[in-house]
Number of protein chains: 2
Amino acid sequence: MQARQTLADIQHLLTTVLKAPTRWQGLAPFADTDGDLAAQVLDEAAKFVDSAIAPLQRSGDEEGCRFDGGQVHTPAGFRDAYQAFWQAGWPSLSCAPDDGGQGLPAVLECVLFEWLAGANHGWTMAPGLLHGAYECIKHHASAELKAQYLEKVATGEWLATMCLTEAHAGSDLGMVRTRGVPQPDGSARVNGSKIFISGGEHDLTDNIVHLVLARLPDAPAGPKGLSLFLVPKVLADGTRNAVVCERIEEKMGLHGSPTCVMRFDDATGWLVGERNKGLNAMFVMMNAARLHVGLQGIGLLEAAWQKASAYAAERRQMRAPGAKDTSLIQDHPAIRRILHTQRAWIDGGRVLAYHTALQLDVAKHSTDAGERAAAQRWCALVTPVLKAALTDQAFHGASACLQVFGGHGYVREWGIEQIVRDARVAMIYEGTNEIQAIDLLVRKVLADGGQGLGALLVSLPGAAPSPAASTRRHALVEITQTLAIAAQSDPELPYWVADDYLRAVALVLLEWAWAQIGAARPHRAEQSTAATDRWTPPAQAFAQWVLPEFDLRTTILRQRIAQAFEFRPQEAESA
Amino acid sequence: MQARQTLADIQHLLTTVLKAPTRWQGLAPFADTDGDLAAQVLDEAAKFVDSAIAPLQRSGDEEGCRFDGGQVHTPAGFRDAYQAFWQAGWPSLSCAPDDGGQGLPAVLECVLFEWLAGANHGWTMAPGLLHGAYECIKHHASAELKAQYLEKVATGEWLATMCLTEAHAGSDLGMVRTRGVPQPDGSARVNGSKIFISGGEHDLTDNIVHLVLARLPDAPAGPKGLSLFLVPKVLADGTRNAVVCERIEEKMGLHGSPTCVMRFDDATGWLVGERNKGLNAMFVMMNAARLHVGLQGIGLLEAAWQKASAYAAERRQMRAPGAKDTSLIQDHPAIRRILHTQRAWIDGGRVLAYHTALQLDVAKHSTDAGERAAAQRWCALVTPVLKAALTDQAFHGASACLQVFGGHGYVREWGIEQIVRDARVAMIYEGTNEIQAIDLLVRKVLADGGQGLGALLVSLPGAAPSPAASTRRHALVEITQTLAIAAQSDPELPYWVADDYLRAVALVLLEWAWAQIGAARPHRAEQSTAATDRWTPPAQAFAQWVLPEFDLRTTILRQRIAQAFEFRPQEAESA
């Protein structure tokens, strides 16, 4: 993927459509960050991504990571690229200046990581959890731990991991068995085994800071007995801690990222945050982490689209309808439909993701409590939608882009199949997409009877919705209300239809996003230029091929809700 | 995949639902093949697949094929398995007894190949084109060629390839440049380069029979100037022909099958069939070949379903709604929905595919011209639908099954990611799924103004459709008619909506298939047993989660047709 190829689009969305600089400049920490500075940062970021990271994508996949007696060797060039990355200050873009960061708005970091994922998903896994670890240490660690680790993690001089999953405890962290036993000196002995640890061991940095979920000896069972421990690979005195990488996984894709099985053998660690409140300490950064995964989806889909549209502009096969001679395949309607549909998701997805990133900063820094609450509501409700819908589209859309290549798409040479393989994981990690849907519907929407979602829908910024859009929003509110009632007699109901519900919300939000893009275009046809016409085919593709799914989802929801109203417990199996 | 696990299901569908033995016994060549014989054959086939082919699936993927100076080494065990396969007579199941075959109905061969693909897609590519080559040689080759090659290909002692694609000619065979120059002795010198040749070179058999599309010196340009040549790897005198494998492709999956770049360097070949009618000679076997790819889709999806449902029956995570303790994941609605939905496609798809296989035999062997014509119409219209819809579902459904495993699905260990990678190719080869949709809508349905499809829909066998099913069939007929009219003013229209049209047809056909399954069940609830209840969850999943897509597709079709009626040529870009 070429980040530079997206710069003008992203500037247009940030500046003209979302008026992002005006909005972040209303927040004290970013008052001095004007649009020009942001544009400069993005320009430099694009150069870095295109020159240092993108060239390692294919070789990273082919060479992969190598495990050798506890050591992990990343593919050639990965270490140099990472060293250049942190030394140039990129990891600390949105960290506080006091911690060694640049103090820039979160949305700029989001654009950077969208590009990085599109350019080289495997490499990007390494710094992917860094900002979360930074926030976690900053807000929960003791002063002593902060003194030792905060700046190293903020700047990215040391990388960080999240050690959550165990072999028997994947989606269900309540089953975690790793133990942390406090010692007289204030440290803890950590024992246990963790799996699926991205970057658990590697040669990119001199130290690795592990944040480990484990149980104190007296902890209650379940998720409320989990505490968080900081366990470094190398201790302050330079000795190696008892943290061992046992092996790395063979995976479908993401070969540039070592997915490690880690064993903690009386490792030395320190409690971060309160006892038994380890999940809280991690969940504060969950919205940002999930948003980043959604942005990975956008980056990967953009990468797939760039490859497919370049191929479609060169390859000739068959005559397009009405053509006299063999046509470029970009002239065939089936190909145009595939390409425009991906743009409908990428462009609309960017508006939603960047708007959400702005809300993250508003929720943190606004001086207006009502504004903070509204921003928090947006982030809580919209983040799972973006995580699930954008990663789903990344995989399925990348597969559609592979189809543009015909048989050539299935061979490695063109690189498109790598994107499909790499993209698949984002539907799983950071909470599977099914869990995102349950989080949205059960934990968030139904928890307040749908009031939060209703309030969000009526307060969507921008001009009044079109009559058709308004009808869809009302349909969603009405379905939410009947769902809440029906779920009382059929508690399984929300779990059957959570995916449909999430998709319906995603489509209403995307419709809003496309309305914002449309509102920023010149009103008179004669003012349209190549640059503004750029947005027309995806806008039409959204209306024509994407949005009709809303009716499909509401049909399924309504039918299943009707069934729930007839529900009798003795006939519980519903499909 | 375990073929044995599907035996009872398939017997039920063939015998009780489709009454297949009665139907094939009405055709002269199969009068003596009763249900018991067929059951024995399938029983033996299942044993062979499970014991000889399935165990090589994972090792075949991991080891892959190795290219070494023009030679191709298949993975360990592949040659022995193939030798056992042909020596037991499996390739010739439905070849004529006069040619060394067993003379059994096509549907039994279809079940065998469905299983083979599910058990080991890579290995199955080797014999996958054998039956087509057999038909091609049988119906088009000269008596001398037949004497030399027919029985060897019928029995599978020698394997065969189809050499169609060239680097610049993929979907567009009219651009083929390979040349065949007739020689005084009746042979031809073949020169050119072909790509994507499955099994172009290997160590499974002593000889390989290539069927090569090429141009005679005086041939007209385009597809009407293509002739077919038989070019063996080893000539009759035992010398090696000038056919060279230049390399094999690195692919997303299907590593057990060598995908070869083949060079013909003054190779000796012989014309098969008439000059310039090479495509006709290949197209006679196209319906059978495409049906086989659809069956691969079923086999792969069954394989994914078996893995996911076994995992879901063992893995415990989180409490299902209403449960007091951690549940098996098969009790979570989101998982049940995924599993039942795949069964809805597999079971319904089997009814359609097996019915189509029966029609292939009716079209060939019925003594009633009207019956033959109706069977030919069924095969022409339904085959592209099955090829596209079932391979699409194989990939997307396998991906859904991968999701059941969470993070474990993304690592190689469980084998589910291999199925996703392997399945992806079936959406591309034997005509991409987009080309299937255009074949259906443009070349077949609209070519006669929709009359053939209308006749097929009103003559669907079995009881009268439910009112809802009848409404859907009428909607499809009405859409076809307006589409035919609208296409006159907007020739691009069918090319934009061909995919939606194919999906709508697929869903109406699947609805018919599920009605057949339902009609074969006991009518009174008290007669239901575990065996009959087996069909209830997928029947409900079909109605609840799958069939609603019909309305989505018709909405998209109607909107785009309405737009076409407003079409003016100067505003041609429609999305």
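The values are calculated or read from the model by the stated rules, or taken from the named source; none is laboratory data. This is a predicted model, so every value here is computed, not measured. All Cβ positions, even for glycine, are placed from backbone atoms using ideal geometry, and neighbour counts span all protein chains on display. In case anyone asks, the SASA skips ligands and DNA or RNA and just uses the protein heavy atoms, side chains included. Shrake-Rupley method; radii C 1.70, N 1.55, O 1.52, S 1.80 Å.
Summary table
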{"item": "Segments A:346-356, B:208-218 sorted - mean Cβ within 10 Å per residue, highest first", "result": "A:346-356, B:208-218"}
{"item": "Global geometry of the range A:54-213, whether rounded, prolate or oblate, following the gyration tensor of its Cα atoms and the 1.5 cut on a/c", "result": "oblate"}
{"item": "Dmax and Rg, reported as Rg then Dmax, of the range A:186-254 (C-alpha, Å)", "result": "14.0, 42"}
{"item": "Using a Förster distance of 25 Å, the FRET efficiency for A:Arg275-A:His139 (Cβ separation, nearest 0.05)", "result": "0.95"}
{"item": "Check: the range A:261-394 dipole with +1 on Lys, Arg Cβ and -1 on Asp, Glu Cβ, in debye", "result": "440"}
{"item": "Farthest positive-ward along chain A dipole, Cα basis, beta-carbon charges - from A:Asn207, A:Thr15, A:Pro333", "result": "A:Pro333"}
{"item": "Order of exposure, largest accessible area first, which applies to B:Asp99, A:Asp325 with probe 1.4 Å", "result": "A:Asp325, B:Asp99"}
{"item": "Efficiency of FRET from Cβ geometry, A:Asp218 and A:Ser59, R₀ 30 Å, rounded to 0.05", "result": "0.05"}
{"item": "Hits among lysines - C-alpha to C-alpha of A:Lys47 under 26 Å, sequence gap 8 or more where chains match", "result": "A:Lys19, A:Lys152, A:Lys307"}
{"item": "Antiparallel content of DSSP bridges confined to the protein assembly as shown, in %, to 5", "result": "85"}
{"item": "For A:401-409, mean number of other protein chain Cβ atoms within 10 Å", "result": "6"}
{"item": "Cα centroid separation, the range A:50-72 to the range B:38-76 (Å)", "result": "32"}
{"item": "Cα-based Rg of the range B:285-567 normalised by 2.2 N^0.38 Å, two decimals", "result": "1.07"}
{"item": "Peptide B:328-337 - average C-beta neighbours from other chains (10 Å radius)", "result": "5"}
{"item": "Largest-first ellipsoid semi-axes for the range B:4-138, taking √(5λ) over the Cα gyration tensor eigenvalues, angstrom", "result": "29, 18, 11"}
{"item": "Label-point separation in nm, B:Ala96 to A:Asp203, each point 7 Å along Cα→Cβ", "result": "6.6"}
{"item": "Solvent-accessible area of A:Glu201 with every protein chain in place, 1.4 Å probe, in Å² to the nearest 10", "result": "10"}
{"item": "Cα centre as origin, Lys/Arg/Asp/Glu Cβ charges: chain A dipole, Debye", "result": "880"}
{"item": "Heavy-atom accessible surface of the range B:4-138: percent carbon and sulfur, 1.4 Å", "result": "49"}
{"item": "Mean shadow area of the protein assembly as shown over all directions, Cα convex hull, nm²", "result": "44.3"}
{"item": "Dipole axis of the range A:285-569 (+1 Lys, Arg; -1 Asp, Glu on Cβ), positive-most option in A:Leu295, A:Pro537, A:Leu510", "result": "A:Pro537"}
{"item": "Accessible heavy-atom area order of A:Arg23, A:Arg316, B:Arg315, highest first, probe of 1.4 Å", "result": "A:Arg316, A:Arg23, B:Arg315"}
{"item": "The range A:285-569, accessible surface, carbon-and-sulfur percent (1.4 angstrom probe)", "result": "55"}
{"item": "Residue-level accessible surface for A:Lys277, protein heavy atoms, 1.4 Å, Å²", "result": "90"}
{"item": "Residue mean of other protein chain beta carbons inside 10 Å, B:421-434", "result": "4"}
{"item": "Calculated label separations, A:Ala167, copies of the chain, 7 Å along the beta-carbon direction, nm", "result": "5.0"}
{"item": "MRE, 222 nm, helices only [DSSP H, n ≥ 4, -39500 (n - 2.57), over the protein assembly as shown, to nearest 500]", "result": "-17000 deg cm²/dmol"}
{"item": "Spatial separation of Cα centroids for the range B:391-461 and the range B:109-184, in angstrom", "result": "23"}
{"item": "Interface burial for A against B (accessible surface, 1.4 Å probe, total of both chains, Å², rounded to 100)", "result": "6600"}
{"item": "Per-peptide average of other Cβ atoms within 10 Å, ordering B:445-451, A:455-461, A:101-107 highest first", "result": "A:101-107, B:445-451, A:455-461"}
{"item": "Net charge of neighbours whose Cβ lies under 10 Å from the Cβ of A:Glu114, counting Lys and Arg as +1 and Asp and Glu as -1", "result": "-1"}
{"item": "For the range A:157-275, the Rg and Dmax computed from alpha carbons only, in angstrom", "result": "13.9, 45"}
{"item": "The protein assembly as shown, dipole about Cα centre (Lys/Arg Cβ +1, Asp/Glu Cβ -1), debye to the nearest 20", "result": "1400"}
{"item": "Distances in nm from A:Ala28 to the matching label points in the other copies, shortest first (labels 7 Å along Cα to Cβ)", "result": "9.6"}
{"item": "For A:Gly518, label point 7 Å along C-beta direction: distances to other copies, nm", "result": "3.9"}
{"item": "Dipole of the range A:84-179 [Lys/Arg +1, Asp/Glu -1 at C-beta], most positive-end residue of A:Ala154, A:Gly101, A:Ser171", "result": "A:Ser171"}
{"item": "Of all chain A residues, the one whose C-beta is nearest the axis that brings A onto B, in angstrom", "result": "A:Leu552, 2"}
{"item": "Nitroxide proxy distance, nm - points 7 Å out along Cα→Cβ at B:Thr536 and B:Thr16", "result": "1.4"}
{"item": "Heavy-atom accessible area ranking, 1.4 Å probe, most first, across B:Trp123, A:Trp158", "result": "A:Trp158, B:Trp123"}
